[in-house]
Structure formats: C-alpha cells, structure tokens
Amino acid sequence: MSGQKKTIRGGVVTGYGSCRFCGQQATRKVLEDWTQEEKDELVTETCECLEARLYAAEKGQKERAHKRIEMLFGESNGVVTCNVAVLELLHSIINPVCEGNIAAATVDIGNGVKAKINITNKGNIKVGRTKTDTSTYEA
Ligand SMILES: [Zn+2]
C-alpha cells in the first residue's frame, strides 16, 4: 500500500474497489484520502450487475427525496419554518419508507402545514407538503 498509488493531480489517485454484490473489481479515479469502503461504494454504484443497478437506483431515489425535503422544508422554502430537529426527523423518514418498513408518514408541522412521505405503487418515494388555510376558522 505504500508508494504504489498513481497520483494524477490534486490528490486524485487510481483506486481499486469491488462491487459489494457480485465482487467484481474495478479501478476508479478516487480521492487520495478515500477509505476502502468509499471506493467499494463507488464501484458498487457503477457496476453493471443487477443487484448493483437496483441499489444505485434506490440510492438515487433516496438522494432525490432528501433534496426534495430540503426544497420543501429547508431554510429557503418560503412557506414554513422548520428547525433542524424537524428537518432531521423528515430526513430520517426516507430510509424506513424506501426500505418498505413503513408505507407512509405524515408529520404535522403546525400552522396547518403537513409533510407527507410515502411510496407510490410504482415504488417511487413521494415527498409532499400541504398547507391548510385556517384563516376561515378565525373570528
Ligand atoms: Zn456488481
């Protein structure tokens, strides 16, 4: 492991990783300080085997769901103010929904705003925000 790394530039090296599912090895351009686990992850994500492709699709979907949470409930959403604890809670719902442990979760954020995270029949994660206009109930 010493001195054998081929430095390209700026700490980018050629690293070996293996797919977690089929075990196929591949070289990828990685950063010098990546752990073996990170290299394996990159190779797994880009492997052609069926399990790896399903895994990559699921991971991509999770990433999009996390981004959507940030978009709908993050700092600059302009509709509802969610503190860090609320955002953490919403993000933590993605995994159990994606992995099928729960079908859906609704979080009542207050002021008529609700977050709903569920999985569709097609297996896609949906992140929704609803706002009920409560002004009609006010005297
Ligand atoms: Zn594979």
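The values are calculated or read from the model by the stated rules, or taken from the named source; none is laboratory data. Here the structure is a predicted model, which means the values were calculated and not measured. Positions of Cβ are backbone-derived with ideal geometry, glycine not excepted, and every protein chain shown enters the neighbour counts. Surface areas here come from the heavy atoms of the whole protein model, side chains and all, with no ligands, DNA or RNA. Shrake-Rupley method; radii C 1.70, N 1.55, O 1.52, S 1.80 Å.
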Problem set entry | Extreme residue, farthest from G74 (Cα to Cα), among residues of the range 109-126 that are surrounded by 12 or more Cβ atoms within 10 Å (Cβ to Cβ) and charged (D, E, K, R) | K126
For this session: With a cut-off of at least 3 residues that are touching a helix residue (DSSP H, G or I) at 6+ places or on another chain (Cβ under 7 Å), name the helices (runs of 4 or more DSSP H) lying wholly within the range 20-139.
Result: 50-73, 84-98
Exercise. Are there any pairs, at least 6 apart or on different chains, whose C-beta atoms fall under 8 Å, with the first in the range 39-58 and under 16 Å from G123 (Cβ atoms) and the second open to solvent by less than 70 Å² (accessible area, probe 1.4 Å) and more than 7 Å from the ligand (Cβ to nearest atom), and if so, which?
Worked result: Y55/E45; A56/E45; A56/T46; E58/C98
For this session: Filter the range 13-44 for residues that are within 16 Å of the ligand (Cβ to nearest atom), open to solvent by less than 90 Å² (accessible area, probe 1.4 Å) and touching a strand residue (DSSP E or B) at 6+ places or on another chain (Cβ under 7 Å) and give the result.
Result: G17, S18, A26, T27, R28, K39, D40, L42, V43
Exercise. Can you name every residue in the range 78-107 that is in contact (Cβ under 8 Å) with a residue 40 or more places away in the chain and either surrounded by 14 or more Cβ atoms within 10 Å (Cβ to Cβ) or not assigned by TED's automatic domain parsing to the domain that holds K131 (or both)?
Worked result: V80, C98
